[in-house]
Amino acid sequence: MEQQINGARFCLKEAFDFSFLGRYGEVFSIFDRQDSGCICFGVQKDGERRFVKFAGAPTVNYRGKREDAVRALKKAAQVYEDLRHETLVQFLFGEEIGGGFAAVFEWTDAECMGKQYSSRYKFFQMPAEEKMQIFRDIVLFHKFAAEQGYVAVDFYDGSILYDFSRKKTVLCDVDAYSKGPFVNTMGRMWGSSRFMAPEEFTLGAPIDEVTNVYLMGATAFALFGGEASSRNPADWEAAKPLYETAQKAVSERREERYPSIGEFWAVWERNSQ
């Protein structure tokens, strides 16, 4: 069914009371089509904008139980707390409210690289040095996450934002990151297949920093492999030694990859000279 807040229309499976949002400010934007069990709002109060992610409402595209969505968002709030970093969207606080749980972040005007957004094409028109800076920010954040004992799960180009006016990278959607290493108990794990290592499809396989080395290589191809994110050397838009660095990172065999994100980055920097 359809509801409205301040003239903005959105859909739910059934009516839900969002009056609690007044605590955060006036709603100016609504994102209601996620499949995570969350619905998100842009709110403004006293001239400040924030982003509110709420679990507990009957969202249209979620097939699970509401209590599971709430539990997942509470867990995610701890991940954002543990991984506070200048490149990660800034987490402010989380709280139980409205019969569910809300995670509140600073608002960003950064635009998304994900395939579902028209802003994606702006990334392929960027100067090479700006794309290099974005990649640097992504790798150094994941190096930091590994140092905190975390393994990235479900990171893809939809997690990459860029504020073109401020020339600032903003990463988001790290909800599924987990303490590692751990064992794949799912078979096919969450994520975009373009960014997933072979072990993320293999029941019983180890998931660890070597898995995330593959992710860094796949991200390099997403940024420098042309609009198709090709791994064909003819489509590579950076120096040849960097192609070889990325290609080693996405080796199918774990033992052929770099053993850590730090080592991958050291080789990338050396080949950038």
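Each reported figure results from applying straightforward, stated rules to the coordinates on display, with no laboratory input. Predicted, not measured: the structure shown is a model, and the values here were computed from it. Don't worry about glycine lacking a Cβ; one is built from the backbone with ideal geometry, like all the others, and counts go over all protein chains shown.
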Most positive-pole-ward Cα, G99, G22, G37, against dipole of the stretch 2-106 from beta carbon charges: G37
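Just flag the trypsin sites (Lys or Arg not before Pro) in the stretch 123-210 sitting in loop per DSSP whose Cβ has no more than 11 other Cβ atoms within 10 Å. Walk me through the intermediate numbers first.
Working: sites: K131, R136, K143, R166, K167, K168, K179, R188, R194; in loops: R166, K167, R188.
Qualifying residues, ordered by number: R166, K167.
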Spin-label proximity, E14 to the stretch 93-126 - amide N less than 17 Å from point 7 Å beyond Cα toward beta carbon: 99-100
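Summing +1 for each Lys or Arg and -1 for each Asp or Glu, what net charge is found among the other residues whose Cβ lies under 14 Å from the Cβ of E227?
Values: positive: K115, R120, K122, K131, R194, R231; negative: D157, D235, E237.
Charge balance near E227 sits at +3.
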Using +1 at the C-beta of Lys and Arg and -1 at the C-beta of Asp and Glu, which of T245, S260, A205 has the Cα lying farthest in the positive direction of the dipole of the stretch 111-272? T245
Take D235, D17 and order them by how many other Cβ atoms sit within 10 Å, fewest up front. D17, D235
Equivalent ellipsoid semi-axes, the stretch 2-106, via Cα gyration tensor eigenvalues times 5, rooted, Å: 21, 18, 11
Given a Förster distance of 30 angstrom, what is the FRET efficiency for S230 paired with S119, based on the Cβ-Cβ distance and rounded to 0.05? 0.90
Quick one: what are the phi-derived ³J(HN,Hα) couplings along the stretch 94-109, Karplus 6.51/-1.76/1.60 with θ = phi - 60°, whole Hz, x for glycine and proline? x, 7, 7, 6, x, x, x, 9, 10, 10, 10, 10, 5, 6, 10, 8
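Given charges of +1 on the Cβ of Lys and Arg and -1 on the Cβ of Asp and Glu, with all other atoms neutral, how large is the dipole of the stretch 2-106 about its Cα centre, in debye to the nearest 20? Please list the in-between numbers first.
Numbers: 15 positive and 16 negative charges, 52 e Å.
For the stretch 2-106, the charge dipole is close to 240 debye.
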Quick one: the Cα spread of the stretch 162-257 along its three principal axes, in angstroms, biggest first? 39, 31, 19
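Given 0.36 nm per residue, what is the gain on full extension from R194 to R66 after removing their alpha carbon distance, in nm? Intermediate results must be reported in sequence, preceding the final value.
Working: separation 128, 0.36 × 128 = 46.08 nm, distance 2.95 nm.
Stretched fully, the R194-R66 segment lengthens by 43.1 nm.
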Taking N as its residue count, the alpha carbon Rg of the chain over 2.2 N^0.38 Å: 1.04
Additional length obtainable on full extension of the chain from I97 to K240, 0.36 nm per residue less Cα span: 46.2 nm
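222 nm [θ] for the chain, helices only, -39500 (n - 2.57) per DSSP H run of 4+, per residue, to 500?
On the way: 6 runs with 80 residues, N = 273.
It comes out at -9500 deg cm²/dmol, rounded to the nearest 500.
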Rg to Rh quotient for the stretch 111-272, alpha carbon positions, Kirkwood Rh: 0.94
If I stretch the segment between E48 and E256 completely, what's the gain in nm (0.36 nm per residue apart, minus their alpha carbon distance), one decimal? 70.0 nm
Neighbourhood charge, 14 Å Cβ-Cβ cut-off, centred on V60 and excluding it, Lys, Arg +1 and Asp, Glu -1: +1
